[in-house]
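Participant: Sending over a structure as structure tokens; questions will come in a sec.
The values are calculated or read from the model by the stated rules, or taken from the named source; none is laboratory data. Given the structure is predicted, the values throughout are model-derived calculations rather than measurements. Here the Cβ positions follow ideal geometry from the backbone for every residue, glycine too, while neighbour counts run over all protein chains shown.
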Amino acid sequence: MKDNSILKFIDKDETIDLLQQMIGFKTVNEPGDELPLAEFIKEKLEDYGIEAIVDDLGNNRGNVIGRLRGTGEREALLFNGHLDTVPPGDIEWEHGPYSGAVVDDKIYGRGSADMKGGLAAMLIALKAVKKAGWKLKGDFIYSATAGEETDSIGAIKFVEDGGLDGVGAIIIGEPSSNGINIAEKGAFWVEISTYGKTAHGAFPQNGTNAVVHMNALLSELISYKFKYEVNEIVGHPTMNISTINGGVKTNVVPDKCSITIDMRTVPGMDHNEIIKDFEEMIEKLSSQIDDFKADIRILNDRAAVETKGDNPFVKLAEETVKEEFGKDIKAQGVNFYTDASIFLPAKQIPCIFYGPGDANMAHQPNEHITIDSLMESVQFYAAIIEKYLVL
């Protein structure tokens, strides 16, 4: 940073304490219960002298948005993260999942990496910018949203309310081991059910076996080839037949069988085209097999998104890492989805994912984050605010 005086406003103990307090809020999705944490962050923002609102989504859910206003000479910079976490799981943790325990320079707890660490680091960076008195040429927006782990209810509401209006760039604080990610695979989950006719198991000829019909459909699905171009960042799409459920008793011909499929797509793929191909499979089998019936239900539809590596904002982020930490890094991609899958289809804005913690820690027992990565993220966030909104 050119203005290194800002570093005196970044306190390590305060940052650790803030993250520990955030981990202490149980925001497991489902049900979410993000509203108390949103209100806690709002109080912090207001203590820092930054205007903030909580958007109450009902059922103890909520978003929090803070804004540090600039002169309007440049478009706004948006920092985003999600408030919810996955459950701690059934395996006993070495340190309580909501303890925020500090052991060997690591902070433990559900959400420490995914992604309350990023939210805390962004908050401390914003406080430092405010205390340093930097005059911003554009607004700085801090948004912490509900529901990313399931349906992104908070991100959807944020977009519907015009949260992306006037925004020129986005940083999502997902765990990236302090690297830069610029692309993510899409998530397309479907349920397919076949239908038959029940009968006594001793007289299968009197029924239509939905499990047998599902077997025929599975043979088609396993040999299915996606239509796509290899993406240089995230590579190839994948398909996983995830669950299967059919029948009620051994001596009954099953009249329904259902499977779920998890597909991870790459930028440029059309999910509607996949559905059309599956419908053609069903139509084909209906013409070949007597009484074959099936339907498709979409469970999750997240677009694959990408910001090109030559985008000026990506280059700015890479230069920031080089200047601040002496690291030469190249932007990469991830196989999981984030709220970028809501933001970027709504509005084409350059977006990077940068945050403390290892993505491999997400959803794991004994989830933790190193203090060094947390503090490095604070410094990066402050530096890129300076580069984008001040210089």
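Participant: Out of the residues in the range 259-317 that are more than 23 Å from the chain's Cα centre (by Cα) and among the polar types (S, T, N, Q), which is nearest to V167 (Cα to Cα)?
Facilitator: S286
Participant: Filter the range 1-41 down to residues that are among the hydroxyl-bearing types (S, T, Y) and modelled with pLDDT of 95 or more and give me whichever is farthest from A101 (Cα to Cα).
Facilitator: Taking the range 1-41 first, the residues among the hydroxyl-bearing types (S, T, Y) are 5, 15, 27.
So of that shortlist, the ones also modelled with pLDDT of 95 or more come out as 15, 27.
Numbers: T15: 14, T27: 18 Å.
Per the criteria, the residue is T27.
Participant: In the range 39-74, how many are closer than 22 Å to F9 by Cβ and among the acidic types (D, E)?
Facilitator: So the count comes out to 4.
Participant: Checking the structure you have, find out if any residue of the range 306-320 is farther than 30 Å from L136 by Cβ and surrounded by 17 or more Cβ atoms within 10 Å (Cβ to Cβ). I'd like the intermediate steps shown before the answer.
Facilitator: Of the residues in the range 306-320, the ones farther than 30 Å from L136 by Cβ are none.
There is no residue in the range 306-320 that is farther than 30 Å from L136 by Cβ and surrounded by 17 or more Cβ atoms within 10 Å (Cβ to Cβ).
Participant: If you don't mind, another one. Being under 18 Å from the mean Cα position of the chain (by Cα) and surrounded by 15 or more Cβ atoms within 10 Å (Cβ to Cβ), is that true of even one residue in the range 86-93? Lay out the reasoning, then the answer.
Facilitator: First, the residues of the range 86-93 that are under 18 Å from the mean Cα position of the chain (by Cα): 86-88.
Subsequent filtering for residues that are surrounded by 15 or more Cβ atoms within 10 Å (Cβ to Cβ) retains 86, 88.
There is at least one residue in the range 86-93 that is under 18 Å from the mean Cα position of the chain (by Cα) and surrounded by 15 or more Cβ atoms within 10 Å (Cβ to Cβ).
Participant: Follow-up question, since we're still on this one. How many of the residues in the range 218-251 are aliphatic (A, V, I, L, M), over 18 Å from V305 (Cα atoms) and exposed (fewer than 15 other Cβ atoms within 10 Å of the Cβ)?
Facilitator: So the answer is 4.
Participant: Being out of contact with any His (no Cβ under 6 Å at 6 or more places or on another chain), farther than 20 Å from A76 by Cα and not polar (S, T, N, Q) is the filter here; which residues of the range 134-153 pass it?
Facilitator: Filtering the range 134-153 for residues out of contact with any His (no Cβ under 6 Å at 6 or more places or on another chain) gives 134-144, 146-147, 149-153.
From the residues that got through so far, the ones that are farther than 20 Å from A76 by Cα too are 146-147, 149-153.
Residues satisfying the conditions are A146, G147, E149, D151, I153.
Participant: Kindly provide the set of residues from the range 348-380 that are surrounded by fewer than 24 Cβ atoms within 10 Å (Cβ to Cβ), more than 17 Å from V314 (Cα to Cα) and under 17 Å from the mean Cα position of the chain (by Cα), ordered by number.
Facilitator: D358, A359, N360, M361, A362, H363, Q364
Participant: Still on this structure: Among the residues of the range 226-234, are any assigned to a loop (DSSP other than H, G, I, E, B) and in the same structural domain as R67 (by TED's automatic domain parsing)?
Facilitator: Restricting attention to the range 226-234, the residues satisfying the condition of being assigned to a loop (DSSP other than H, G, I, E, B) are 226-230, 232-234.
When the remaining residues are screened for being in the same structural domain as R67 (by TED's automatic domain parsing), the result is none.
No: the range 226-234 contains no residue that is assigned to a loop (DSSP other than H, G, I, E, B) and in the same structural domain as R67 (by TED's automatic domain parsing).
Participant: Out of the range 116-150, which residues are of a type in the set (V, I, T) and not in a helix (DSSP H, G or I)?
Facilitator: If we filter the range 116-150 for residues that are of a type in the set (V, I, T), which is where we start, we get 124, 129, 141, 145, 150.
Passing the criteria: I141, T145, T150.
Participant: Given the condition under 27 Å from H213 (Cα atoms), modelled with pLDDT of 95 or more and under 19 Å from the mean Cα position of the chain (by Cα), answer yes or no: does some residue in the range 324-339 qualify? Spell out how you get there, then give the answer.
Facilitator: Step one: of the range 324-339, the residues under 27 Å from H213 (Cα atoms) are none.
No, the range 324-339 has no match at all.
Participant: Hey, does the range 24-39 have a residue that's of a type in the set (K, R) and exposed (fewer than 15 other Cβ atoms within 10 Å of the Cβ)? Before the answer, list the steps.
Facilitator: The initial filter retains those residues of the range 24-39 that are of a type in the set (K, R), namely 26.
So of that shortlist, the ones also exposed (fewer than 15 other Cβ atoms within 10 Å of the Cβ) come out as none.
No.
Participant: Which residues, counting only those in the range 162-209, are touching a strand residue (DSSP E or B) at 6+ places or on another chain (Cβ under 7 Å), in a loop (DSSP other than H, G, I, E, B) and not basic (K, R)?
Facilitator: Selection gives G163, G166, G173, E174, S176, G179, I180, G196, T198, G201, G207.
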